[in-house]
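The values are calculated or read from the model by the stated rules, or taken from the named source; none is laboratory data. Fair warning: this is a prediction, and the values are worked out from it, not measured in the lab. Methodologically, a virtual Cβ is constructed for each residue, glycine included, from the backbone with ideal geometry; neighbour enumeration extends over all protein chains shown. Please note that ligands, DNA and RNA were not included when accessible areas were found on the heavy atoms of the full protein model with its side chains. Shrake-Rupley method; radii C 1.70, N 1.55, O 1.52, S 1.80 Å.
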Amino acid sequence: MLDIKFIRENVDLVRRNIELKGEKANLDALLDLDGKRRSIIQDVENLKHKRNVVSNEIAKLKKQRQDATNLIEEMRQVSDLIKARDEELRSIEEEIEQILLTLPNMLHESVPVGEDSSKNLVIRTWGEPKRTRTPSHIEIAKELKILDFERGAKVTGSGFAFYVGKGAALERALITFMLEKHINEHNYLELFPPFLVNESSMIGTAQIPKLTDDMYHIERDGLYLIPTSEVPLTNYFSDETLDIENLPVKFCAYSPCFRREAGSYGKETRGFLRVHQFNKVELVKLTTPETSFDELESLTRDAESILQALEIPYRVVLLCSGDTSFASAKTYDLEVWSPAEEKWLEVSSCSNFLDFQARRSNIRFKRTPNSKPEFVHTLNGSGVATSRLIVALLENNYNPEDSSVTIPEVLRQYTKFNKITKQ
């Protein structure tokens, strides 16, 4: 959420930012309501001052045994007016809150301007993309009997799959490997979060109201299946104030992720290219404002280290304004190479949200015991998501001579096998 004072003082900048992100928000209505809000606050302050002054006069008159009936009646009317104005103020503040929730975060100055992904900037690449066309991950998985999309669709619906045998073992190995690397080498604290959260938590990390239609909602209980463990991890300290010596906070967690992604269909959704349930190891940081962009760089490197260890070709892409998410100020995407699709597939987004989420979740810190609380900066990134990683892993390690898949060396201590071969 943006600070209303910042908006008031930077109207043109905020309006331009909304355009650059391709968003829509009623900024003029917000400013009008803000003006009314400040006017009412001033009126109420004047009325309360008048009530205090006249109340003293009434006390003096009573002490002198003089008639104060008229003044008492006048103050009753003033009190009624204060109550009415307070109710009006609450209503206006609720309207302001609803509009503020629709305003996107401000872009960092380093983000390139562009309407869509064609204007994203490739920052660096690692490894040599395999240009030899291979069977798709769907064909490989079917031949090796390690993924079952048909029965996943039968049991649940499209966008769901069974991991079978060594496919299940491979998925479990990836998750364990990533967690242990981030915990032991990158010093993240592991949490095992709830997979259901309340509406307040979803608002806090800005999934609601922007992405409401993409969420799985359990109306009876007022709960949501998490789209990513970013939501529970970031909200771990909601409505709390941290000491500066405890920053940065670095959390990592495994969780399944659930996204409806209404309207997704076609070639781009085949197999694991886009699914409604997938697994991910998430990284979340809470930092001081002055260190957050350095922490974004280190967060991105932590996610990259997973792909390097797996020896999968990837590239780091700085997203342009039109491709940067609603809540993010700056985002790097990590994209792995798919030989079958002959294109790059995103497996991680590493973002700095500045104080945007912290304002919504009310997460603060103090520099000294007596200093004024400030909002932390929040960051997160996939470290990484496994569905498209499985696509790249199968296709880049496919052996055409016997239709097998070689397991990356770093995973073998977890899988207990070096290859997946036809059964």
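Some points to look at:
- Accessible area (Å², per residue) of the stretch 141-213, counting only protein heavy atoms and a probe of 1.4 Å: 52
- Heavy atoms of residue 8 accessible to a 1.4 Å probe, total area in Å² rounded to 10: 80
- Taking each residue as 0.36 nm, the span from residue 192 to residue 48 lengthens on full extension beyond its C-alpha to C-alpha distance by 46.8 nm.
- Here residue 56 and residue 9 are evaluated by their C-beta separation; at R0 = 41 Å the FRET efficiency comes out at 0.60.
- When each full DSSP H helix of the chain is screened for a Cα extent of at least 18 Å along its own axis and an average Kyte-Doolittle hydropathy of at least -1.0, the helices passing are 27-63, 69-100, 166-184, 292-309.
- Adding -39500 (n - 2.57) for every DSSP H run of four residues or longer, then dividing by how many residues the chain holds, sets the calculated 222 nm ellipticity at -12500 deg cm²/dmol.
- Calculated accessible area for the stretch 216-300 comes out at 44 Å² per residue, all protein chains present (probe 1.4 Å; ligands, DNA, RNA ignored).
- Candidate lysines for bridging to residue 422, where Cα separation is under 29 Å - those fewer than 8 sequence places away on the same chain excluded: 130, 142, 145, 154, 166, 267, 280, 343
- Each peptide in 117-127, 387-397 gets a packing score, the mean of other Cβ atoms within 10 Å over its residues, and the list from highest to lowest is 387-397, 117-127.
- Note on the stretch 5-67: Lys pairs 8 or more places apart or on different chains, Cα atoms under 19 Å apart, count 5.
- Averaging the sequence gap over all C-alpha pairs within less than 8 Å and six or more residues apart, then dividing by the number of residues, gives the stretch 77-167 a relative contact order of 13 percent.
- Given +1 at the Cβ of Lys and Arg, -1 at the Cβ of Asp and Glu and no other charges, the dipole of the chain around its Cα centre is 520 debye to the nearest 20.
- Checking [x] 21.4, 64; [y] 22.2, 71; [z] 27.2, 109 against the coordinates, the calculated Rg and Dmax of the Cα atoms in Å falls under label [z].
- Rolling a 1.4 Å probe across the protein heavy atoms gives the stretch 67-122 an accessible surface of 63 Å² per residue.
- Candidates 304, 190, 401: whichever shows maximal mean-square fluctuation once the chain is modelled as a Gaussian network with Cα springs under 10 Å: 401
- Apportionment of accessible area to carbon and sulfur, the chain, percent (1.4 Å): 47
- Here the extension length gained between residue 113 and residue 183 equals 21.6 nm, from 0.36 nm per residue of separation less the Cα-Cα distance.
- For the chain, with +1 on Lys and Arg beta carbons and -1 on Asp and Glu, the positive-most of 175, 354, 102 along the dipole: 175
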